[in-house]
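Have a look at the structure below, then the notes.
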Amino acid sequence: MERKGVCMKIGIYGGTFNPPHLGHLEAARTAVKVLELDKLILIPAAVPPHKALPEGTPEGAHRLAMTERMADALSMPKVAEVSRMELDREGKSYTADTLRAIRAQYPNAQLWLLMGTDMFLTLHLWHDPEVITQLAGICAFGRTEQDGEELFAPQREFLSQKYQAQIVTITLPGLVDVSSTRLRELLARGEGWEYLSPAVYGYILREGLYGTRADLKRLPLRELRPIALSYLKNKRIPHVLGTEQEAIRLAERYGADVEKARVAALLHDCTKKLNMEEQLELCGRYGIQLDELEQKALKLLHAKTGAAIARDVFGVDDEIYN
């Protein structure tokens, strides 16, 4: 669990992630860089101790799925991971309990607890703050230029004196500043996409979260694109977007329907990241016949299952399906 001669550094970033937005993503990215983290664990809370989950909050499985897509968007596959430990634990999601569990798993690591300004300013009111500050250093980041030393300094001094806490504070000037409450309101009005990574926004649309009402069988391209990207690993997104542009060029050259070509391009890899068991389940569901080679060759299956999903979920016509 350690690099040779160097203590492993682990960042723990918890929250309701309701939904996880670009502010969370940039804070996580900056913390990895500033603290030189070897691992970043993102942990959606099941029952936050400090506030009730607002009405209409997606169930934990959806918040976990959105957080996984945000973590993937960091493009740090060997560093960032998502944990469901708080979702699996009964009762309130106390940070002290989470840190104890991580400490037991990584006894020799240096832990850093990441949090925003509001959480930092109320840390002394949390459950077992002395345990929290004993187990982990605190890294607090401000969302705006106003969240600077004027707010940070008094609390940093108080926590240092009372708990001997190790504290790092980071101001992120120019960061997109939106509260989760405001973002949920925007999403219900069909707005707010600019505050989310495309895959997170697409997941919200396809699952109908936060009052969104996308008709999956009649999607305009501006909605189909993020939904298609929500099926992909982040590293595959440039390929699919490039395929869309090439589809436009080829359709124009050969007189094909440009919009249909774009739809086919966006959906062609929609089952690419599924494993063999998941691919075979889809083949059984849609009556897809496989020859002897296909039954063993995972890379061959997504072309057929992707076409089936395109037809069944998104209602594409025969020309696009073929």
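For residue 117, the criteria (1) touching a Leu at 6+ places or on another chain (Cβ under 9 Å); (2) at pLDDT 95 or above; (3) farther than 29 Å from residue 202 by Cβ hold in every case but one, which is (2).
Is it fair to say residue 105 is touching a Cys at 6+ places or on another chain (Cβ under 8 Å) and open to solvent by 30 Å² or more (accessible area, probe 1.4 Å)? Taking the combined requirement at face value, the residue does not satisfy it. Just so you know, in the range 264-318 the residues that are among the charged types (D, E, K, R), closer than 20 Å to residue 237 by Cα and not in a loop (DSSP other than H, G, I, E, B) include one that is least open to solvent (accessible area, probe 1.4 Å), and it is 304. Name every residue in the range 188-212 that is of a type in the set (Ser, Thr, Tyr) and assigned to a loop (DSSP other than H, G, I, E, B), in order of residue number. Of everything in the range 188-212, those that are of a type in the set (Ser, Thr, Tyr) and assigned to a loop (DSSP other than H, G, I, E, B) turn out to be 197, 212. Scanning the range 11-44 for residues that are open to solvent by 10 Å² or more (accessible area, probe 1.4 Å) and not in a helix (DSSP H, G or I) yields 13, 14, 15, 16, 21, 36, 37, 38, 39. Only one of the listed residues (79, 178) is in contact with a His (Cβ under 7 Å, 6 or more places away or on another chain) and aliphatic (A, V, I, L, M). That residue is 178. Selection within the range 90-102: residues that are charged (D, E, K, R) and at pLDDT below 95. The member of this set that is most open to solvent (accessible area, probe 1.4 Å) is 90.
A quick yes/no check of all residues on (1) in contact with a Leu (Cβ under 8 Å, 6 or more places away or on another chain); (2) open to solvent by less than 60 Å² (accessible area, probe 1.4 Å):
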position	(1), (2)
159	yes, yes
177	no, no
181	no, no
184	no, yes
191	no, no
202	yes, yes
206	yes, yes
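Taking the stated definitions as given, is residue 72 in contact with a Lys or Arg (Cβ under 9 Å, 6 or more places away or on another chain), more than 15 Å from residue 131 (Cα to Cα) and at pLDDT 95 or above? Yes: the conditions hold for residue 72. Every test in (1) touching a Leu at 6+ places or on another chain (Cβ under 7 Å); (2) modelled with pLDDT of 95 or more is passed by residue 105 save one, and that test is (1).
The residues of the range 212-224 that are surrounded by 14 or more Cβ atoms within 10 Å (Cβ to Cβ) and farther than 14 Å from residue 310 by Cβ, listed by number, are 212, 214, 223.
Among the conditions (1) of a type outside the set (Phe, Trp, Tyr); (2) more than 30 Å from residue 227 (Cβ to Cβ); (3) open to solvent by 20 Å² or more (accessible area, probe 1.4 Å), the only one that residue 139 does not satisfy is (3).
Looking at the range 70-80, can you tell me whether even one residue there is in contact with a strand residue (DSSP E or B) (Cβ under 9 Å, 6 or more places away or on another chain), without any contact (Cβ under 8 Å) to a residue 24 or more places away in the chain and outside any helix (DSSP H, G or I)?
Step one: filter the range 70-80 for residues in contact with a strand residue (DSSP E or B) (Cβ under 9 Å, 6 or more places away or on another chain), giving 70-72, 74, 76, 78-80.
Now restrict to residues that are without any contact (Cβ under 8 Å) to a residue 24 or more places away in the chain: 78.
Applying the additional criterion that residues be outside any helix (DSSP H, G or I) yields 78.
Within the range 70-80, one or more residues are in contact with a strand residue (DSSP E or B) (Cβ under 9 Å, 6 or more places away or on another chain), without any contact (Cβ under 8 Å) to a residue 24 or more places away in the chain and outside any helix (DSSP H, G or I).
Looking across the range 213-240, the residues that are in contact (Cβ under 8 Å) with a residue 12 or more places away in the chain, over 20 Å from residue 317 (Cβ atoms) and in a helix (DSSP H, G or I) come down to 226, 229, 234, 235, 236, 237, 239, 240.
The values are calculated or read from the model by the stated rules, or taken from the named source; none is laboratory data. Since we're looking at a predicted model, the values are computed, not measured. Glycine also receives a Cβ, built like all others from the backbone with ideal geometry; neighbour counts cover every protein chain displayed. Remember, those area values only see protein heavy atoms, side chains included, never the ligands or the DNA or RNA. Shrake-Rupley method; radii C 1.70, N 1.55, O 1.52, S 1.80 Å.
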